[in-house]
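Accompanying notes for the structure given below.
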Amino acid sequence: MWKVDRKKCLRCGACVSVCPFLALELKENGLVFHKELCTECGLCEKVCPVGAIKVKRGKK
Amino acid sequence: MNKEYDVVVVGAGPGGSAVAKRCAERGLKVIMLEKRQEIGSPKRCAEGLTFSTEKIIGKIPERCIAQKINGTNVYSPSGKSVKVDFGEYGGYILERKVFDKWLAIRASRAGAHVQAKTEVVDVIKEDGYIKGVKAEFEGEEFEIRAKVVVAADGVESTIARKAGLNTTNQLINIDSGFQYEMSNLNLKDPEKIEIFMGNEVAPRGYIWIFPKGKDLANVGIGVAMSQKTARYYLDKFIEDNPEIFKDAGIIEVNSGGIPVGGFLKNMVANGLVVVGDAAHQVNPIHGGGLKEATIAGQIAGEVIAKAVKKGDVSEDSLSEYNKIWWKERGRALEKVQKLREVVEKLSDDDLNMLAETLTGDDLIEFSRGNKLFNLGKILLKNPKLITLAKKLI
């Protein structure tokens, strides 16, 4: 399970830079998540400066 | 909009503007696209620049400068400070929103076509070459064909990766940054930058106060692999230092990822060049990328102009950029990355010891990748630090 709290997200793109699978993109209107590419590795959660992303392995 | 160009630059930050300007000056037909509606905003940067950078960028107009700086105090965990003297106003704190626009304006005046609020969604790939981009403007998708695509799309870069060049950075080489622009501060000296280090304050990083006026400052933090978020540590620091922040206002909030290593051996492909944060071109010890992006942008601009003129934009032809960048910047920055890897492993006691021993001039030399041997020798005195010291010797 991958979740972003859009009220916390500051659209900085730190998460995009570490995602090995291009599952995240920072568009002009916010963060875009490509579910089919995500492996729930959790790197994006670790790098997020404001704790906006939560990843739980194996949960839908 | 004309849709055939020599060069399309994706991203109008300092790196993109440097490439666009140089290519336009060399007579190429250039377009620079920026996805945001305003170039330079939001900023993700501490906005500091040393005066010497003007040698590379050119004379910076007064309107881009919020505050002139004559030195830095670097505080160890015990509170002991190492003073770095810049001489009379050796540094600036910029108004990045104004500065980035000025860079784009210069590119535009040099002849580059600049277009904000135009988002690049993909690259056009044909016969093993990148032949342009697919972009979106006001909800309409269109193609821009170009001989060379420049990925200057920042830390969140996906253009290079979509083109097939793996530029993903490792978590260990990305700092989490968070910053406030603050007002009504009680600054000790608005002409000095203050840096605070320590594993409690900012694990594997530092907190900065960059004055932007008598009682204004860009206050921020870069940390990595930390237990808590960057925001948590900065808020805690502000709470713990009421003598500075008691009545402060927050007038802007920003965050960002800061590449602090992981330099790319190859930053080109057939018809593609990567510059700036997108290519991790940042000084790993202080996280400053403005100067690096500009230098790389200028090198890339020259190489692209040459390649387009001789009609060969293959990876082989463009790899001249790799060669020059590594010779001029890469080797030095790789040393600085080693320095960062050592510093981030030091305990608070080690940092306190260094604050007693080192001078401001030492810090300046180290941050440029010079004289690291001297630091290694100091660390060798502590038997526990031998392995770390050896990295520098």
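Computed from the coordinates by the stated procedures, all read-outs in this text should not be read as laboratory data. The model shown is predicted, which means the values in this text are computed figures rather than measured ones. Cβ sites come from the backbone with ideal geometry, for glycine too, and all protein chains shown count toward neighbours.
Treating each Cα of the protein assembly as shown as an identical point scatterer and summing with the Debye formula, the log10 of I(q)/I(0) at q = 0.09, 0.11 Å⁻¹ comes to -0.56, -0.86. Across the cross-link table entries A:Lys46/B:Lys134; B:Lys345/B:Lys381; B:Lys323/B:Lys345; B:Lys101/B:Lys323; A:Lys7/A:Lys59; A:Lys27/B:Lys192, which are compared at the Cα atoms, the separations over 28 Å belong to A:Lys46/B:Lys134; B:Lys323/B:Lys345; B:Lys101/B:Lys323; A:Lys27/B:Lys192.
Listed peptides B:130-138, B:245-253 appear in the order B:130-138, B:245-253 once ranked by packing, highest mean of other Cβ atoms within 10 Å at the front.
Using equal-weight Cα scatterers in the Debye expression, the normalised intensity of chain B in log10 at q = 0.06 Å⁻¹ is -0.24. Over the stretch B:103-151, what number does the Rg to Rh ratio reach, with both radii from the alpha-carbon atoms and Rh per Kirkwood? Answer for the stretch B:103-151: 1.02. Springs join every pair of Cα atoms under 10 Å in this Gaussian network model of chain B, and among B:Gly213, B:Gly154, B:Gly15 the largest mean-square fluctuation is at B:Gly213. Size descriptors for the stretch B:122-256 (Cα atoms only): Rg and Dmax, in that order, 20.6, 63 Å.
Per-residue ellipticity at 222 nm for the protein assembly as shown, helices alone: DSSP H runs ≥ 4 residues times -39500 (n - 2.57), over residue total, nearest 500 deg cm²/dmol? Counting only the DSSP helices, I get -8500 deg cm²/dmol. With contacts taken as Cα pairs under 8 Å and at least 6 residues apart, the stretch B:274-393 reaches a relative contact order of 21 percent.
Other protein chain C-beta atoms within 10 Å of residue C-beta, averaged over B:168-174: 5. With the cut-off at under 19 Å, measuring from each backbone N in the stretch A:18-60 to a point 7 Å along the Cα-to-Cβ line of A:Met1 picks out A:33-46, A:51-60. Phi angles of the stretch B:260-272 translate, via the Karplus equation with coefficients 6.51, -1.76, 1.60 and θ = phi - 60°, into HN-Hα couplings of 10, x, x, 5, 8, 4, 10, 10, 9, 9, 4, x, 9 Hz per residue; Gly and Pro are given as x.
Relative to the dominant Cα principal axis of chain B, helix B:14-25 is inclined by about 40°.
Mean per-residue shielding of peptide A:4-17 is 6, counting Cβ atoms of other chains within 10 Å of each Cβ.
What is the antiparallel percent of DSSP beta bridges lying wholly in the protein assembly as shown, to the nearest 5? The partial results should precede the final answer.
On the way: 61 of 82 bridges.
Taking every DSSP beta bridge with both residues in the protein assembly as shown, the antiparallel ones total about 75 percent.
Placing +1 on the Cβ of every Lys and Arg and -1 on the Cβ of every Asp and Glu, with nothing else charged, gives the stretch B:126-167 a dipole about its Cα centre of roughly 300 debye. Peptide B:153-160 has a mean shielding of 5, counted as Cβ atoms of other protein chains within 10 Å of each residue's Cβ.
Ordered by packing density, taken as the mean number of other Cβ atoms within 10 Å over each peptide's residues, highest first, how do B:306-314, B:25-33, B:189-197 rank? Present the calculation step by step, with values, prior to reporting the outcome.
Values: B:306-314: 15.7, B:25-33: 22.2, B:189-197: 19.1.
Per-residue Cβ counts within 10 Å, averaged per peptide and sorted highest first, yield B:25-33, B:189-197, B:306-314.
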